[in-house]
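Colleague: The structure that follows is given in the form of structure tokens.
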Amino acid sequence: MALSMQSAGHKRIIIEGVAPEVDAGRFPIKRSVGEKVVVQANAFVDGHDQLGCMLRYRKADAAEWGEVPMRPLGNDRWRSEFLVREIGRYGYTVAAWVDHFRTWRAELEKRDQPTDIALALLIGAELIEAAAARTTIPHAAQLHIHARELRAKGDPFARRLLALDPELARLMARFPDRTLETRYERELIVVVDEARAGFSTWYELFPRSCVHDPSAHGSLRSCEERLPYIAAMGFDVLYLPPIHPIGVTARKGRNNALSADAEAEDPGSPWAIGSEAGGHKAVHPQLGTLEDFRHLVCRAREHGLVVALDIAFQCSPDHPYVEQSPRWFRRRPDGTVQYAENPPKKYQDIYPLNFETEDRQRLWEELRGVFLFWIEQGVHIFRVDNPHTKPFPFWEWLITGIKSEHPEVILLSEAFTRPKVMHRLAKLGFTQSYTYFTWRNSKSELMDYFTELAQPPSREYFRPNLWPNTPDILHEYLQVGGRPAFMIRLVLAATLGANYGIYGPAFELCEATPREPGSEEYLNSEKFEIRAWDLERPDSLKHFIARVNRIRHQNTALQHDWSLRFHPVDNEALLCYSKHSDALDNVILVVVNIDPHHTRAGWVELPLEKLQLLPDHPYQVHDLLSDTRYLWHGARNYVELDPHAAPAHIFRLRRHLRTERDFDYFI
């Protein structure tokens, strides 16, 4: 519908190109507590009038808006920012108005005829008096004084100097006439999560394998014995695969055998959820009780760890849902329930849920109840299994509802699927997302992929969580690269991403044997059997992992993703990149030899000006892994890395300073 003449007259200002904005405001952006929301927008008007522009923001439940002025960047582009201090949802938008005083002031500066200046001063006095009417004592009194000075008799050039007083401009800027202001057509949303959403270090293990004897079955209580070991390596999230009862019907045997060995008492896959002992709200009897789980959650907190739980919406043939709610499952023409398939893979021990059922309202409510149940037990981090096989509307409904009641909840999307599907899930509300990192191993692959993730628009809603291995994925790089390959991938995951995780103890013990050639499945996979790991093996990477994680916690540059920049190296096996804090007081430079077999050397080129390094002064690079220090000069410097000794440098750059006494030192 066309605007009326009156309303159109009030809409002189155009506001467009607001960023960040995801899909025209359809989806929120994401931030963590303590982060900034930097907003830019185009705002312009016909003619030569000058504008005032304001960024408006508020907590979702707040009645009043906060405001911060936006500053011009040139070419009608404006910028400002605000800090988010609490978890929950914030709204933000942009407002702009014609600033008649600034317009008048700019024109006054150009006038050079006494008559013109005298008349302009009278106009300015009217603008100042109008501003005085919009405020109270003492500001009104100050403004009236300025107005009288402009109306006084005498030299117009002297009075012009009074009119151009910067203090008057600052005072007038506090009380602009915004009666005809234009506001951006949408209130945009930012979802603010707890700090761990933006920076976290995950460790996955199977509680049933917390044993010294593989013929025994570990428990949640024996898992508690691992807490000091995990905390000592610097992890802060302990992620457990499903802890629910495991079905007996069609139970898989070791190495994914079609049938379990009854004599060997094969434990089955934890993802085949449900038995006569219960379903998604129950604990596997051999692991312990619900009280044992709550005890583990409390003990983990004492070690600086939070427990993350796997949520897998699928059922074994023995799950109570199968009998209680048969319409939640698809049936074949012969009447049998359809088991899960991903040809050529078959999962006879798992029944997928039918989200097209006519009983979907009850299904959706029940699945929401699963999350709420475990939230009541003290869990607020969930890794969600295969969310891409469930409808998008379901996840939007579920996550929006849960986050409205429990904004502290973090959900990690385990979706190794097509890019657009992964990104849609992130937009719908998943806090973090698995990535293609596992399959990005060459220099060009890593540079292209992580440059994409660190750039808008995806960085506004897609928080990557990097995993070099999982119980499902043993990449060929780890199979053939030996211990150096595990060290290389650990450094890459921990420094390219603010969020990363490993599946242990398989990772720190360099488990690398595939089930068969060409497979990414582990031989003797822990998904199908209990493993007794020797955590004290001398070749364990636990001390190396602990050092890398300590570096992450001590350097704010590594706790965010957006500052990532790659730098040229004249060797295709050497990858170089940097990250820095907002104030550039913490700059980390990483050089990694991605060839796990051979020593590689090359010349690194750094952008000195962008890193605030002086071209004619030396600067120190402090290798935080080895605690060695090097003095570098200029943009080009030589590096050499032997993967069998140390496949990477994690440098902290320390700038050169000269004191008044001519002593050199570095910060």
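The values are calculated or read from the model by the stated rules, or taken from the named source; none is laboratory data. As the structure is a prediction and not an experimental result, all values here were calculated from the model. Cβ: placed from backbone, ideal geometry, glycine included. Neighbour counts: every protein chain shown. What goes into the accessible areas is simple: the full protein's heavy atoms, side chains included, and nothing from ligands, DNA or RNA. Shrake-Rupley method; radii C 1.70, N 1.55, O 1.52, S 1.80 Å.
Colleague: Taking the range 226-269 on its own, what percent of its Cα-Cα pair distances exceed 13 Å?
Modeller: In whole percent, the long-distance tail amounts to 63.
Colleague: On to the next question. What's the center-to-center distance, using Cα atoms, between the range 518-541 and the range 416-449 in Å?
Modeller: The range 518-541 and the range 416-449 have Cα centres separated by 26 Å.
Colleague: Give me the distance in nm between label points sitting 7 Å out from Cα along the Cα-to-Cβ direction at residue 421 and residue 455, one decimal.
Modeller: Inter-label distance under the simple model: 2.6 nm.
Colleague: Using square roots of five times the C-alpha gyration tensor eigenvalues, list the equivalent-ellipsoid semi-axes of the range 521-667 in whole Å, biggest first.
Modeller: The answer is 34, 18, 15 Å, longest axis first.
Colleague: Now for a separate question. Keeping all protein chains in place, calculate the accessible area per residue for the chain (probe 1.4 angstrom), answer in Å².
Modeller: Result: 45 Å² of accessible area for each residue.
Colleague: Based on the Cβ-Cβ distance of residue 543 and residue 225, what FRET efficiency does E = 1/(1 + (r/R0)^6) give at R0 = 35 Å, to the nearest 0.05?
Modeller: Given R0 = 35 Å and the Cβ-Cβ separation, E is 0.95.
Colleague: So, one more: How big is D, in µm² s⁻¹, for the range 529-573 by Stokes-Einstein at 37 °C and 0.692 mPa s if Rh is the Kirkwood radius over C-alpha pairs?
Modeller: 230
Colleague: Using only the Cα atoms of the range 534-603, build the gyration tensor, take square roots of its eigenvalues as a ≥ b ≥ c, and label the shape rounded, prolate or oblate: rounded if a/c is under 1.5, else prolate if a/b is larger than b/c, else oblate.
Modeller: Oblate is the answer for the range 534-603, as a/c is 1.5 or above yet b/c matches or exceeds a/b.
Colleague: A further question follows. Taking the range 319-449 on its own, what percent of its Cα-Cα pair distances exceed 26 Å?
Modeller: I get 34 percent for the Cα pairs in the range 319-449 exceeding 26 Å.
Colleague: Answer rounded, prolate or oblate for the range 97-163, using the Cα gyration tensor with square roots of eigenvalues a ≥ b ≥ c: rounded when a/c is under 1.5, else prolate when a/b is larger than b/c, else oblate.
Modeller: oblate
Colleague: Based on Cα positions only, what radius of gyration and what Dmax would you give for the range 490-561, in angstroms?
Modeller: Cα radius of gyration and Dmax of the range 490-561 are 14.7, 42 Å respectively.
Colleague: Right, here's the next one. Run the Debye formula on the Cα coordinates of the range 470-516, all scatterers equal and no solvent, and tell me log10 I(q)/I(0) at q = 0.16, 0.23, 0.32 1/Å.
Modeller: -0.41, -0.83, -1.36
Colleague: Checking the cross-link filter: which aspartates and glutamates have an alpha carbon closer than 20 Å to that of residue 346, excluding same-chain neighbours under 8 positions apart?
Modeller: 261, 266, 318, 334, 385, 414, 472, 516, 520, 521, 526, 529
Colleague: Once each part is reduced to its C-alpha centroid, what is the distance from the range 355-384 to the range 262-299 in angstrom?
Modeller: The two parts, judged by their Cα centres, are 18 Å apart.
Colleague: Sequence neighbours fewer than 8 away in the same chain don't count; with that in mind, list the aspartates and glutamates whose C-alpha is under 13 Å from residue 579.
Modeller: List returned: 561.
Colleague: Taking a 23 Å limit on the Cα-Cα distance, which of the listed pairs 427/610; 30/420; 345/390 fall beyond it?
Modeller: In this structure, 427/610 exceed 23 Å between Cα atoms.
Colleague: Pop out the Kirkwood hydrodynamic radius of the chain from its pairwise C-alpha distances, inverse of mean 1/r, in Å to one decimal.
Modeller: For the chain, the Kirkwood estimate is 28.8 Å.
Colleague: Let me ask something else about it. Any chance you could run the full-extension gain for residue 584 through residue 617? It's 0.36 nm times the residue separation minus the Cα-Cα distance, nm to one decimal.
Modeller: 10.1 nm
Colleague: Nearest 5 percent is fine: what portion of the DSSP beta bridges confined to the chain is antiparallel?
Modeller: 70
Colleague: For the chain, give the percent of accessible area contributed by carbon and sulfur heavy atoms, probe 1.4 Å, rounded to a whole number.
Modeller: 52
Colleague: Share of Cα-Cα pairs in the range 179-280 beyond 24 Å, in percent?
Modeller: 47
Colleague: Highest mean first, what order results for 587-596, 559-568, 432-441 on Cβ atoms within 10 Å?
Modeller: Answer by packing, highest mean first, reads 587-596, 432-441, 559-568.
Colleague: With all distinct Cα pairs included, what does the Kirkwood hydrodynamic radius of the range 567-628 come out to in Å, to one decimal, could you say?
Modeller: 13.2
Colleague: Please give the peptides 647-654, 480-487, 339-346 ranked by average Cβ packing (other Cβ atoms within 10 Å per residue), highest first, as a rough proxy for protection.
Modeller: Listed from highest to lowest mean packing, they are 647-654, 480-487, 339-346.
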